[in-house]
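Take a look at the structure set out below.
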Amino acid sequence: MNYGLYLSAMGVLANSQRQDVIANNLANAETVGFKKDLALFQEQRTEAQLRGRSPSRDSNPLLEPLGGGLIASGTTLDLSQGPIETTSNPLDVAIMGEGYFAVRNGQNLMLTRAGRFQVDRNGVLATDSGHPVLNEKMATIALAPGAVNIGKDGIITQEGKTVGRLGVFSVPNSRLLAKRGANLMSYPDIERSLKPSDAQLRSEALEQANCEPTSELAALMDSQRQLEANANMIRYQDQMLSRLVNDVAKIG
Amino acid sequence: MAITALNSAATGLRALSTRIDVIANNLANAETTAFKRSRMNFEDLMYVTLKEPGSNNNANEPSPAGTFVGLGVKISNTQLDLEQGPLENTNRPLDVAIQGNGFFRVKIMDSVGDGTGYTRNGNFFQNRDGDVVLGMGDGYRLLPKINIPTDAREVGINQEGVIDYIRPGQNTRTIAGQLKLTNFINPQGLKLLGGSIYVQTEASGPPVDNKPGENGAGTVLQSFLEGSNVDPVKELVTLIKTQRSFELNSQSIQTADQALQTIGNLRRF
């Protein structure tokens, strides 16, 4: 069969997956603390290379240098700072720089950049989804009723008295962060990996999503055209095969 | 495949159009006494993990990035913004504004919760028996009950919420009662009932009655009403952003649709 047909099909599939990633970025354009994903492509190695065999025996040596087409190799988080939008809520906190809030999700520790906090009915500081947010010593933060002030270093004061400190942490290798939905991210072996971060906080502000409409739309158009180009290649090769099968051998 | 992109963009369209509903309600209530604006919060929906980061590749080395395809966006909640609204002078003795935290407690329909509602709208009237009731809705009675005789003159309410008046033919002031303010540990967890009435929920915590000015409760101000805390400029900016994001998501739908069309047209005879 025509080898190029498969290469073109890989191109359609990879670009289609890229569109899925962009659609998710755009759907979350208004999600606080959202970090966009980038779809990564890489050249697929040939079957012989993957299996560590010499290409000579069981494959066509002429096709080996072509490679195995394109494959969606992964997604990577774009952790660049999102724009800061001021609010008037003293429990809205934005992180300026690299750092994450630690929250308790059942038994698990999770990380988030969405500093949209509330005081739950027991007086514990929690995210708006109800996950308690932790202080620098990984304990929950209890607040008294009344006005709250959160400083640049995360120190929480009520009526002039310090009542706790918001923990801001960094991770050793941000590529191992995995988004789990609900604005939460997980990290392998999180209890031992977290280090205090020196990122500054800003209260009465929220970090908006870092997906930028122009580049997202450009990527969307780009992937659309690449998808069409690959689809056209499939059609050409199909026509070529059709000629070969139906026309070349025609007699008279 | 492109179906995922279609669905993700659809979640975006749905969430963003709900946010337009919330903004429209805020703007409609820009002149409503003691109205508190709501803010719509979003969160990302779940992710399909095609490959965990750190999983081994063909060369038995941990791959630096995983493959996650997100499935769109979800509404997390609408959050009440309880910021103080502006105070407007009304020159009416039974108009009371709360400066700071707290709600007035009123008796509402028995069918709702424990029959108690909370409001910051202090636009009070006297009913025919002289009881202090709310001007709006069904004339909900203030709790604890306060009675001002119908022939009373010069009704006064001080900052600590003590209501007094002068009876005809007398020179001394008689105390009618004490206004109480109710606080909640998490007032954003209250349920909105409409008509400026909030009711207690599991999330808000139990109500705590205080005299105005005590234990973090605000003070009261006679002859003033609290205006709506909707900031039209802020709402309009959010509206514009929301509309543009809505359009962006419709672009995702179009692109995904074109991709499906391209694939659907591959086979031609």
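Name the single residue that is nearest to the other protein chains (Cβ to nearest Cβ) among those in segment A:107-153 being in contact (Cβ under 8 Å) with a residue 60 or more places away in the chain and outside any strand (DSSP E or B). The residue in question is A:Ala114.
Do you know which residues across segment B:154-169 are assigned to a loop (DSSP other than H, G, I, E, B) and touching a residue at least 12 places away in the same chain (Cβ under 8 Å)? Result: B:Asn158, B:Gln159, B:Glu160, B:Gly161, B:Arg167, B:Pro168. Among the residues of segment A:87-135, those that are under 23 Å from the mean Cα position of the chain (by Cα), buried (at least 21 other Cβ atoms within 10 Å of the Cβ) and hydrophobic (A, V, I, L, M, F, W, C) comprise A:Val93, A:Ala94, A:Ile95, A:Phe101, A:Ala102, A:Val103, A:Met110, A:Leu111, A:Ala114, A:Phe117, A:Val133.
Candidates are the residues of segment B:50-65 that are over 22 Å from A:Pro172 (Cα atoms) and surrounded by 11 or more Cβ atoms within 10 Å (Cβ to Cβ); the one that is nearest to the other protein chains (Cβ to nearest Cβ) is B:Asn58.
Being among the polar types (S, T, N, Q) and either exposed (fewer than 15 other Cβ atoms within 10 Å of the Cβ) or not in a strand (DSSP E or B) (or both) is the filter; apply it to segment B:170-192 and report the residue that is modelled with the highest pLDDT. For segment B:170-192, the residue satisfying everything is B:Gln178.
Do we find a residue being within 14 Å of chain A (Cβ to nearest Cβ) and more than 28 Å from A:Gly130 (Cβ to Cβ) anywhere in segment B:204-218? Yes, the conditions are met somewhere in segment B:204-218.
Filter segment A:33-46 down to residues that are facing chain B (nearest Cβ under 7 Å) and under 19 Å from A:Gly82 (Cα atoms), then give me how many there are.
2
Exactly one residue among A:Arg175, A:Arg202, A:Arg165, A:Arg180 is within 14 Å of chain B (Cβ to nearest Cβ) and either more than 24 Å from B:Ser55 (Cβ to Cβ) or in a strand (DSSP E or B) (or both), and that residue is A:Arg180.
Here A:Val103 meets each of (1) in contact with a Ser or Thr (Cβ under 9 Å, 6 or more places away or on another chain); (2) within 11 Å of chain B (Cβ to nearest Cβ); (3) not in a loop (DSSP other than H, G, I, E, B) with one exception, condition (2).
Per-residue answers, yes or no, for (1) in contact (Cβ under 8 Å) with a residue 24 or more places away in the chain; (2) hydrophobic (A, V, I, L, M, F, W, C):
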residue: A:Ile155; (1), (2): no, yes
residue: A:Lys161; (1), (2): no, no
residue: A:Gly164; (1), (2): yes, no
residue: A:Ser174; (1), (2): yes, no
residue: A:Ser215; (1), (2): no, no
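The values are calculated or read from the model by the stated rules, or taken from the named source; none is laboratory data. Keep in mind the model is a prediction, meaning the values are calculated, not measured. With ideal geometry, Cβ positions are generated from the backbone for all residues, glycine too; neighbour counts draw on all protein chains shown.
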